[in-house]
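Encoded as structure tokens, the structure appears first; notes follow it.
The values are calculated or read from the model by the stated rules, or taken from the named source; none is laboratory data. Small disclaimer: the values here were computed from a predicted structure and weren't measured. Glycine also receives a Cβ, built like all others from the backbone with ideal geometry; neighbour counts cover every protein chain displayed. Ligands, DNA and RNA are stripped out before the accessible areas are found, and what is left, the full protein with its side chains, is counted by its heavy atoms. Shrake-Rupley method; radii C 1.70, N 1.55, O 1.52, S 1.80 Å.
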Amino acid sequence: MSSSFIVAKFGGTSLADFDAMFRCAQIIHDDNNVRVVAVSASAGVTNHLVALSHKDISDAVRQSHIDGVLAIQNNILAKLTLDADLATLFSQTLADFEQCAALTSTSEQHNDELLSFGERLSSCLFTQVLRDLGIKAERFDVRSVLKTDAHFGKATPNVAQTRAAALEHLVPLLNETVVVTQGFIGSDQHGRTTTLGRGGSDYSAALLAEAIDACSVHIWTDVVGIFSTDPRLCQKAKPIPKLSFDEAAEMATFGAKVLHPATILPASRAGISVFVGSSRAPEQGGTWIEKEKSQHPGIRAVTQRKNQILLTLKSPEMLLASGFLARVFTILSEYNISVDLVTTSEISVALTLDNAPNASRPELDQACLQRLSEFCHVTVENNLTLVALVGSEIQLRQHEMNLMQVLADFNIRMICHGASKHNLCFLVEQSESDAVVQSIHRRLLEVC
Ligand code: ADP
Ligand code: ASP
Ligand code: MG
């Protein structure tokens, strides 16, 4: 049974400086049901940490990134007087950071340790901001409850262990105090620090909500909800007041950066509603994502995901042969490569793969290509973008004319529709994808 607890998550721009943190603290002050707060690193910090994790950086570059992290923290610290417990914790965390950052990266494990400092530092500072507003708040190390496997850089949470640990260590605190903890990070069975992948704090918040039986998750960011497309790209993009879990999950999966792609999983498993709003303008409301089926059949949004690879495999053997696709997919899965879109013809199959900088498989393994080449002709195309129309009960025939007019202006590499009524996807050249999204938005989503 769900409690009245709310988990609130604040993203990097919401915690960029003291004033931004203060606005977030007021949101918590105004809602007594917010008992767990999951924070991102202050804006810019994780990028410095990622740069520090690269092996081949000069001492000067290393120092500039360390200084970058320290400058962001010190800028906030200058407006605060830390209580003794937080002062001790903060200076110890800073010392550990400087020691970790001074070492040349040797392993993925080391990199995750390094990347964890952004959230560990911001959670200390934000706890003090809450206390200064008269809110009883404690900083809590999420690594004692958010348990994951040891896949450093993109760890998979262990839901059962996380729940058991949260019930033991986290829930007993919640009637007493607001708990400020870290998004993005967790720990494996040996207690080693792991991370959930870039943007993973949204996912952390949903996982924690599931683990403590919260009634909702509030994702506070820099936009007043989920829009019909990225508002940075289309001025006329509109916030969507309500989305179903399916619609939101598809949007996140196909590139709406406002939510980490996995965020909806725990929420829909546990039936927990998700709110997305702006920490700069909480009074403007936002988007509610809920279990109910969508009341608005049709296209609701257009998204894009850049850095896609198109793999085309051609083989006369496929003609009238069984087992070709099974062979292809077996090899791809041996190399841990996940496939998004698939189309087939009589003698060929085309597949798209995600090559985003943070994807678990950053590039197609040469050994894998070699194995595929043994029984088919392989072509690899890079620099493509997957554009997705997202909604529910999407029926091509309703939009055919408009869509075809838009697509006629561009070089479309592949179209997929049918496996789900929640999306219609196609691949375009990356250099054209912003224009494709703008054009689709204008013709299909700005009409009424
Ligand atoms: P945070 O740091 O709070 O996690 P992010 O930068 O990860 O924030 O996500 C917010 C950004 O997502 C917005 O500034 C916006 O540019 C981008 N975005 C992409 N697609 C959408 C969309 N459909 N609706 C709203 N924002 C979107
Ligand atoms: N700080 C991490 C990142 O920048 C996680 C997050 O913000 O969600 O990716
Ligand atoms: Mg984010």
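Report yes if Ile264 is closer than 30 Å to Gln161 by Cα, in contact with a Phe, Trp or Tyr (Cβ under 8 Å, 6 or more places away or on another chain), among the aliphatic types (A, V, I, L, M) and away from ligand 2 (no atom under 16 Å from the Cβ), otherwise no.
Values: closer than 30 Å to Gln161 by Cα: yes; in contact with a Phe, Trp or Tyr (Cβ under 8 Å, 6 or more places away or on another chain): yes; among the aliphatic types (A, V, I, L, M): yes; away from ligand 2 (no atom under 16 Å from the Cβ): no.
No.
Search segment 191-215 for residues that are away from ligand 3 (no atom under 16 Å from the Cβ) and pair each with any residue that is among the basic types (Lys, Arg) and open to solvent by 10 Å² or more (accessible area, probe 1.4 Å) when their beta-carbon atoms are under 7 Å apart and the residues are at least 6 apart or on different chains.
Partner pairs satisfying both residue conditions: Thr193/Arg143; Glu210/Arg269; Ala211/Arg163.
Residue check, Ser123 against (1) open to solvent by 10 Å² or more (accessible area, probe 1.4 Å); (2) in contact (Cβ under 8 Å) with a residue 40 or more places away in the chain; (3) in a helix (DSSP H, G or I); (4) within 26 Å of Ser273 (Cβ to Cβ), all met but one. Which one?
Going through the list (1) open to solvent by 10 Å² or more (accessible area, probe 1.4 Å); (2) in contact (Cβ under 8 Å) with a residue 40 or more places away in the chain; (3) in a helix (DSSP H, G or I); (4) within 26 Å of Ser273 (Cβ to Cβ), Ser123 breaks only (1).
Restricting segment 303-324 to residues that are among the hydrophobic types (A, V, I, L, M, F, W, C) and assigned to a loop (DSSP other than H, G, I, E, B), which is most open to solvent (accessible area, probe 1.4 Å)? Even if it seems obvious, please write down each step before you answer.
Here is the first cut: in segment 303-324, the ones among the hydrophobic types (A, V, I, L, M, F, W, C) are 309-311, 313, 318-321, 324.
Keeping just the survivors that are assigned to a loop (DSSP other than H, G, I, E, B) gives 319-321.
Values: Leu319: 82, Leu320: 173, Ala321: 49 Å².
Top of the filtered list is Leu320.
Is there any pair with a first residue in segment 434-447 that is within 15 Å of Arg232 (Cα to Cα) and free of Cβ contacts under 8 Å to residues at least 24 places away in the same chain and a second that is open to solvent by less than 40 Å² (accessible area, probe 1.4 Å) and assigned to a helix (DSSP H, G or I) whose Cβ atoms are under 7 Å apart and which are 6 or more apart or on different chains, and what are they?
Within 7 Å, no pair qualifies.
Looking only at segment 416-444, which residues are out of contact with any helix residue (DSSP H, G or I) (no Cβ under 8 Å at 6 or more places or on another chain) and open to solvent by 10 Å² or more (accessible area, probe 1.4 Å)? Reasoning before the result, please.
Filtering segment 416-444 down to residues out of contact with any helix residue (DSSP H, G or I) (no Cβ under 8 Å at 6 or more places or on another chain) leaves 416, 418-419, 421, 425, 427, 429-435, 437-438, 441-442.
Selection gives Cys416, Gly418, Ala419, Lys421, Glu429, Gln430, Ser431, Glu432, Asp434, Ala435, Gln438, Arg442.
Between a first residue in segment 148-163 that is on the phi > 0 side of the Ramachandran plot and a second residue that is charged (D, E, K, R), which pairs have beta carbons less than 6 Å apart while being 6 or more apart in sequence or on different chains?
Within 6 Å, the pairs are Gly153/Glu108.
With (1) more than 12 Å from ligand 1 (Cβ to nearest atom); (2) over 18 Å from the mean Cα position of the chain (by Cα); (3) more than 30 Å from Phe18 (Cα to Cα); (4) open to solvent by 10 Å² or more (accessible area, probe 1.4 Å) as the list, and Arg300 as the residue in question, which single condition is left unmet?
Only one criterion in (1) more than 12 Å from ligand 1 (Cβ to nearest atom); (2) over 18 Å from the mean Cα position of the chain (by Cα); (3) more than 30 Å from Phe18 (Cα to Cα); (4) open to solvent by 10 Å² or more (accessible area, probe 1.4 Å) is unmet by Arg300, namely (1).
Which condition number does Ala20 fail, the rest of (1) in contact with a Ser or Thr (Cβ under 7 Å, 6 or more places away or on another chain); (2) more than 17 Å from Val180 (Cα to Cα) being met?
Ala20 satisfies all of (1) in contact with a Ser or Thr (Cβ under 7 Å, 6 or more places away or on another chain); (2) more than 17 Å from Val180 (Cα to Cα) except (2).
Of all residues in segment 1-42, which are under 22 Å from Lys257 (Cβ atoms) and either of a type in the set (Val, Ile, Thr) or without any contact (Cβ under 8 Å) to a residue 12 or more places away in the chain (or both)?
Passing the criteria: Val7, Thr13, Ile27, Val37, Val39.
Would you call Leu15 in contact with a Leu (Cβ under 6 Å, 6 or more places away or on another chain), of a type outside the set (Lys, Arg) and within 14 Å of ligand 2 (Cβ to nearest atom)? Walk me through how you get there before you give the answer.
Values: in contact with a Leu (Cβ under 6 Å, 6 or more places away or on another chain): no; of a type outside the set (Lys, Arg): yes; within 14 Å of ligand 2 (Cβ to nearest atom): yes.
It is false that Leu15 is in contact with a Leu (Cβ under 6 Å, 6 or more places away or on another chain), of a type outside the set (Lys, Arg) and within 14 Å of ligand 2 (Cβ to nearest atom).
Given the conditions (1) within 16 Å of ligand 3 (Cβ to nearest atom); (2) out of contact with any Asp or Glu (no Cβ under 7 Å at 6 or more places or on another chain), and given that His48 satisfies all but one, which numbered condition is not satisfied?
(1)
Just to verify a result, which residue in segment 1-27, among those that are open to solvent by 40 Å² or more (accessible area, probe 1.4 Å) and part of a helix (DSSP H, G or I), is farthest from Lys136 (Cα to Cα)?
Here is the first cut: in segment 1-27, the ones open to solvent by 40 Å² or more (accessible area, probe 1.4 Å) are 1-2, 4, 13, 17-19, 22-23, 26.
So of that shortlist, the ones also part of a helix (DSSP H, G or I) come out as 13, 18-19, 22-23, 26.
Values: Thr13: 24, Phe18: 19, Asp19: 20, Phe22: 15, Arg23: 17, Gln26: 13 Å.
Among those that are open to solvent by 40 Å² or more (accessible area, probe 1.4 Å) and part of a helix (DSSP H, G or I), it is Thr13.
Check Glu250 against each of (1) in a strand (DSSP E or B); (2) touching a His at 6+ places or on another chain (Cβ under 6 Å) and name the one condition it does not meet.
(1)
When you go through Ala60, Ala150, Ala137 one by one, which is the residue that is more than 25 Å from the chain's Cα centre (by Cα) and open to solvent by 40 Å² or more (accessible area, probe 1.4 Å)? Full working, then the answer.
Details: Ala150 fails: more than 25 Å from the chain's Cα centre (by Cα); Ala137 fails: open to solvent by 40 Å² or more (accessible area, probe 1.4 Å).
Only one candidate passes the filter, namely Ala60.
Name the residues in segment 28-45 that are open to solvent by 20 Å² or more (accessible area, probe 1.4 Å) and either of a type in the set (A, V, I, L, M) or within 16 Å of ligand 2 (Cβ to nearest atom) (or both), would you?
We begin by selecting, within segment 28-45, every residue open to solvent by 20 Å² or more (accessible area, probe 1.4 Å); these are 29-33, 35, 43-44.
Hits for segment 28-45 are Ala43, Gly44.
In segment 255-278, which residues are open to solvent by 20 Å² or more (accessible area, probe 1.4 Å) and either assigned to a helix (DSSP H, G or I) or more than 10 Å from ligand 1 (Cβ to nearest atom) (or both)?
Result: Pro261, Leu265, Ser268, Arg269, Ala270, Gly271, Ser273.
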